[in-house]
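Only one structure is covered here, and it is reproduced in the block below.
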C-alpha cells in the first residue's frame, strides 16, 4: 500500500467510526474536470440531498501540509462547492468551513460529526 493510500484508508475509518458518516454517502478517488483538466479528489462526503458536505485531500505522511495543498483543494472546491474542507497527511490535519458570501474559509478544530448536521 502506498503511503498516501494508508492516509486515505485511515481517514475513511475516521469519517465512518468517529464522525459517523454513512458509507453510502462517501465517494473515494473520483475524477473531476477543472477548467478542462482531469483531476482526482481523494474523498468526498455527501449530504443526503446529493450536495457536498466535505472534501478531503490526503497527502503521504512525509509530505508537509503547505499552502499548495490548500490551493489544490480550493481549486477542486470551485466546482464541487463543499461546506467543509479537510487536508491531512495522517499526522497533521487541517479543517476549514467555507464562507461563500465572504469568499474565504475559516479554520476549525475539527469537522462536525454527521449526526450534528442532520435537521
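What to note about this one:
- Failed item in (1) surrounded by 14 or more Cβ atoms within 10 Å (Cβ to Cβ); (2) outside any loop (DSSP other than H, G, I, E, B); (3) more than 11 Å from the chain's Cα centre (by Cα), with residue 13 passing the rest: (1)
- Single condition residue 49 does not satisfy, out of (1) surrounded by 14 or more Cβ atoms within 10 Å (Cβ to Cβ); (2) modelled with pLDDT of 90 or more: (1)
- Considering the stretch 46-119, the qualifying strands (runs of 3 or more DSSP E), each wholly inside and each with 1 or more residues that are touching a residue at least 24 places away in the same chain (Cβ under 8 Å) and within 11 Å of the chain's Cα centre (by Cα), run over 52-58, 84-88, 93-99.
- Tally of residues being over 16 Å from residue 69 (Cβ atoms) and either surrounded by fewer than 17 Cβ atoms within 10 Å (Cβ to Cβ) or at pLDDT below 90 (or both) across the stretch 81-97: 2
- Whenever a residue of the stretch 12-26 is free of Cβ contacts under 8 Å to residues at least 24 places away in the same chain, its partners that are surrounded by 12 or more Cβ atoms within 10 Å (Cβ to Cβ) and in a helix (DSSP H, G or I), lying with C-beta atoms within less than 8 angstrom and at least six residues away or across chains, give the pairs 23/16; 26/12; 26/15; 26/16.
- Selection from the stretch 23-39 of residues that are in contact with a strand residue (DSSP E or B) (Cβ under 8 Å, 6 or more places away or on another chain) and farther than 24 Å from residue 114 by Cα: 31, 32, 33, 38, 39
The values are calculated or read from the model by the stated rules, or taken from the named source; none is laboratory data. No experiment lies behind these values; they were computed from the predicted model shown. Because the Cβ atoms are built from the backbone with ideal geometry, glycine has one as well, and the counts that use them run over all protein chains shown.
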